[in-house]
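Let me begin by presenting the structure, written as structure tokens, before commenting on it.
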Amino acid sequence: MTSAPALSEAAHSADRDAMGAGSRQPAAANLIGLSRTELETAVEALGQPRFRAKQLWHWIYHRGATEFADMSSLSKELRAHLEDRFSVGRPTVATEQQSVDGTTKWLLRFADGREAETVHIPEADRGTLCVSSQIGCTLTCTFCHTGTQRLVRNLTPGEIVAQVMLARDALGEWPSPKEGRMLSNIVLMGMGEPLYNYDNVAAALRIIMDPDGIAISKRKITLSTSGVAPMIERCGRELGVNLAISLHAVNDALRDELVPLNRKYPIAELMDACRRYPTLSNARRITFEYVMLKGVNDSPAEARELVRLLADIPAKVNLIPFNPWPGAPYECSSERAIKRFADVVMGAGYPAPVRAPRGRDILAACGQLKSASVKLRASQRARAPVS
Ligand code: SAH
Ligand code: SF4
């Protein structure tokens, strides 16, 4: 399924962008990430009629063109104008790693040299792309590797959309296929807290969901939040995507420790926001993610308390075996403890699948992401002589 030439070509054109940023020639502005209206404005500024933007949109997001030269339905003149001022290149692939289980992790380098990770998790007849929303994270959940990396910056709409486009390049999934996609689902569960970068995430998702383009439906997109309660209703109303809540603890004392954002938006307030989630129904339940930490949050009493908290919410629970990372202060619960916990939750009528860890061998599983560049800098610091 993976088409290496497509990927290396994409990386290549992005290389040029990155080089542009560092050389005397300024990098051409990238059109990826512009809304339809912004694209119209750009086209009009070139003295072209507005409707050309629709064609351009189709070439960029439906056909996946990486060069203006390929956009054969546009006039030669417009293609030349576009070529002079803009690009549709992808970020550079700094590294690409393949897990023994087929999971691929890309470390992407953006025009300013900053890096973020994207992970593709294939299944038999579908596949999920785990997308990053920020470089690093300002929140400091104690079990999360990304949380140990301080925030560098928000990703732009273009940088978020480009993660999907680059994965599509690699999978050879252009023009946007109607069926049989190996990139069928998107989860905003990579690096960062998506509701702390809401405007850019929303702009990116509107592009990704557009039916004349990448065309991934809101029903196939899940946004995971550590609990930014005041943003939850708006996210549902404006985007209508599936919601996942990183709960991980059932009382405030423990959640304050594991997910420090809980001190700002405690469990009761978070659950209230969930009850008001606009698209909530039995067909579209909220997923509650619960990382299984040995001896910390995995007792049957806590499972019963979880059921009580979910009482009037159409919900499913996703039990995530803790994925270890170097220096992590926790261990994963035993299989027995996880099963015992799941039995209590399922006994109360909630689905409680245990998420199979994917890509652990390449640190691509949930909570293991952390840009290699930051790790490298940290190890360089460690080696540096102390003055
Ligand atoms: N910031 C958002 C989205 C990214 S994290 C959030 O926290 O929801 C994606 C999921 O991975 C979250 O549920 C997170 O709690 C979980 N996670 C983080 N570190 C983990 C680890 N080491 N093992 C298993 N799951 C982890
Ligand atoms: Fe940030 Fe989510 Fe990791 Fe918490 S779990 S530190 S919110 S990425």
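The values are calculated or read from the model by the stated rules, or taken from the named source; none is laboratory data. Here the structure is a predicted model, which is why all the values come from computation and not from measurement. Using ideal geometry, Cβ is built from the backbone for each residue, glycine included, and neighbour counts are taken over all protein chains shown. Accessible surface is based on the protein model in full, side chains and every heavy atom, while ligands, DNA and RNA are left aside. Shrake-Rupley method; radii C 1.70, N 1.55, O 1.52, S 1.80 Å.
With the condition kept exactly as written, say whether any residue in segment 279-299 is within 16 Å of ligand 2 (Cβ to nearest atom), of a type in the set (Asp, Glu) and surrounded by 14 or more Cβ atoms within 10 Å (Cβ to Cβ).
Yes, there is a match, as at least one residue in segment 279-299 is within 16 Å of ligand 2 (Cβ to nearest atom), of a type in the set (Asp, Glu) and surrounded by 14 or more Cβ atoms within 10 Å (Cβ to Cβ).
Could you tell me whether segment 299-308 includes any residue that is touching a residue at least 40 places away in the same chain (Cβ under 8 Å) and either touching a Cys at 6+ places or on another chain (Cβ under 6 Å) or of a type in the set (Asp, Glu) (or both)?
Yes, that holds for at least one residue.
Give segment 78-104 a look and list any residue that's basic (Lys, Arg) and open to solvent by less than 10 Å² (accessible area, probe 1.4 Å), or say none.
Result: Arg90, single match.
Mind counting the residues in segment 123-138 that are hydrophobic (A, V, I, L, M, F, W, C) and either outside any loop (DSSP other than H, G, I, E, B) or surrounded by fewer than 21 Cβ atoms within 10 Å (Cβ to Cβ) (or both)?
4
Taking segment 226-238, which residues are buried (at least 20 other Cβ atoms within 10 Å of the Cβ) and either β-branched (Val, Ile, Thr) or more than 14 Å from ligand 2 (Cβ to nearest atom) (or both)?
Ile232, Cys235, Gly236, listed by residue number.
Condition first: surrounded by fewer than 19 Cβ atoms within 10 Å (Cβ to Cβ) and assigned to a helix (DSSP H, G or I). Now tell me which residues in segment 44-77 satisfy that.
Glu44, Ala45, Lys54, Gln55, His58, His62, Ala69, Asp70, Lys76, Glu77
Enumerate the pairs (first residue in segment 205-225 and within 16 Å of ligand 2 (Cβ to nearest atom); second residue anywhere and in a helix (DSSP H, G or I) and open to solvent by less than 20 Å² (accessible area, probe 1.4 Å)) with beta-carbon separation below 6 Å, excluding pairs fewer than 6 apart on the same chain, so at least 6 apart or on different chains.
From residues that are within 16 Å of ligand 2 (Cβ to nearest atom), the pairs are Leu223/Pro194; Thr225/Leu195.
Of the residues Pro177, Pro157, which single one is surrounded by fewer than 19 Cβ atoms within 10 Å (Cβ to Cβ) and more than 14 Å from Thr118 (Cβ to Cβ)?
Step by step, each of Pro177, Pro157 is checked, and only Pro177 is surrounded by fewer than 19 Cβ atoms within 10 Å (Cβ to Cβ) and more than 14 Å from Thr118 (Cβ to Cβ).
Using the structure shown, decide if Glu193 is within 16 Å of ligand 2 (Cβ to nearest atom) and charged (D, E, K, R).
Yes; evaluated as a whole, the condition is true for this residue.
Just wondering, is there one or more residues in segment 89-98 that are in contact with a Phe, Trp or Tyr (Cβ under 8 Å, 6 or more places away or on another chain) and part of a loop (DSSP other than H, G, I, E, B)?
Yes, the conditions are met somewhere in segment 89-98.
State which residue is least open to solvent (accessible area, probe 1.4 Å) when the search covers only segment 139-150 and only residues that are more than 8 Å from ligand 1 (Cβ to nearest atom) and within 12 Å of Leu261 (Cα to Cα).
Only one residue tops the list, namely Thr142.
Does Leu188 satisfy the condition of being within 12 Å of ligand 2 (Cβ to nearest atom) and touching a Pro at 6+ places or on another chain (Cβ under 8 Å)?
yes
Checking the conditions here, which among Arg255, Arg263, Arg275 is more than 22 Å from His145 (Cβ to Cβ) and charged (D, E, K, R)?
Arg275
Would you mind telling me which numbered condition in (1) out of contact with any helix residue (DSSP H, G or I) (no Cβ under 6 Å at 6 or more places or on another chain); (2) open to solvent by less than 20 Å² (accessible area, probe 1.4 Å); (3) within 16 Å of ligand 1 (Cβ to nearest atom) Val187 fails?
That leaves (2) as the condition not met.
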